[in-house]
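Asks: Please read through the structure below; I'll follow up with questions.
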Amino acid sequence: MDTLAAGTSALELVAVFVAAVSGALAAVRKRFDMFGVLVLAWVCGLGGGILRDVLIGDTPPVGIASWPLVTAALAAGLATFVAHPGLARLRRSVIVLDAAALALFVVQGTSKSLGLEAGLLASVVVGVLTGIGGGVLRDMLVGETPLIFADRQLYAVPAILGAVAVVVLWQNGWWTWWSAVAVAVLVLGLRLLALARGWLIPDVGAGWTARWGRESGRMDT
């Protein structure tokens, strides 16, 4: 159990750093100054975790109480501010980083909620909100429609499936460090595959046959 707890902490640290880079890159694209880049890195890296902790009553939230996580977010923002000319040339870099952060946060958020006995349904909801929370806040702060509401891309669906997978594994006593990694890879793979293959959620005017194209990639760098 100690090994699993240590692995979970490491997973959260990586998730915060990756998400913070995503937020910092979005700030760079909007030509924010250094302070703005650092703030957006912190919001994107820790916003979902703050929402998670408030919902499950684990206060004060790690986003304002954990020095390692806050340091990771700010370090990611500073590194991105310094190295952004190289990072900005990576095509769709923000979307790929956002997908990685989504996967890691869903796993970490759902498992933490289960560990605090929040209930199965509540844990699924908390896991999904942990995954999408930082990205939603990032998009709102840079004046864009949150990705979860835009372009009908499969964004929340991989998060929901990942959270449900965590709950099933946990309930059957199969929750280990390796199963956590497997679920994260599953969520990341589904999200990237949906982008590559053009899978969309149908709306009133379009069905499953509609394709995802350049016009949907509004976060390309």
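Asks: For all pairs of alpha-carbon atoms in segment 2-206, what percent lies in each bin of width 10 Å, listed from the first bin to the last filled one?
Replies: Using 10 Å bins, I get a P(r) of 10, 37, 36, 15, 2, 0 for segment 2-206.
Asks: Let me ask another. So for segment 15-65, considering every pair of alpha-carbon atoms, how many percent are separated by more than 13 Å?
Replies: For segment 15-65, the share of Cα pairs beyond 13 Å comes to 54 percent.
Asks: If packing is taken as the average number of other Cβ atoms within 10 Å across a peptide's residues, how do 105-112, 67-74, 159-166, 116-123 rank, most packed first?
Replies: Result, highest mean first: 105-112, 159-166, 67-74, 116-123.
Asks: A further question on this structure: Subtract the Cα-Cα distance of residue 176 and residue 29 from 0.36 nm times their separation in residues, and report this length gain in nm to one decimal.
Replies: 49.1 nm
Asks: So what are the ³J(HN,Hα) numbers for segment 76-83, from phi and the Karplus equation (6.51, -1.76, 1.60; θ = phi - 60°), rounded to whole Hz, Gly and Pro as x?
Replies: My calculation for segment 76-83 gives 5, x, 5, 4, 5, 4, 6, 9 Hz in order.
Where a number appears in this text, it was derived from the coordinates with a stated rule and is not lab data. For clarity, every value in this text was computed on a predicted model and none was experimentally measured. A quick note on method: Cβ atoms are made from the backbone with ideal geometry, for glycine too, and the neighbour counts reach across all protein chains shown.
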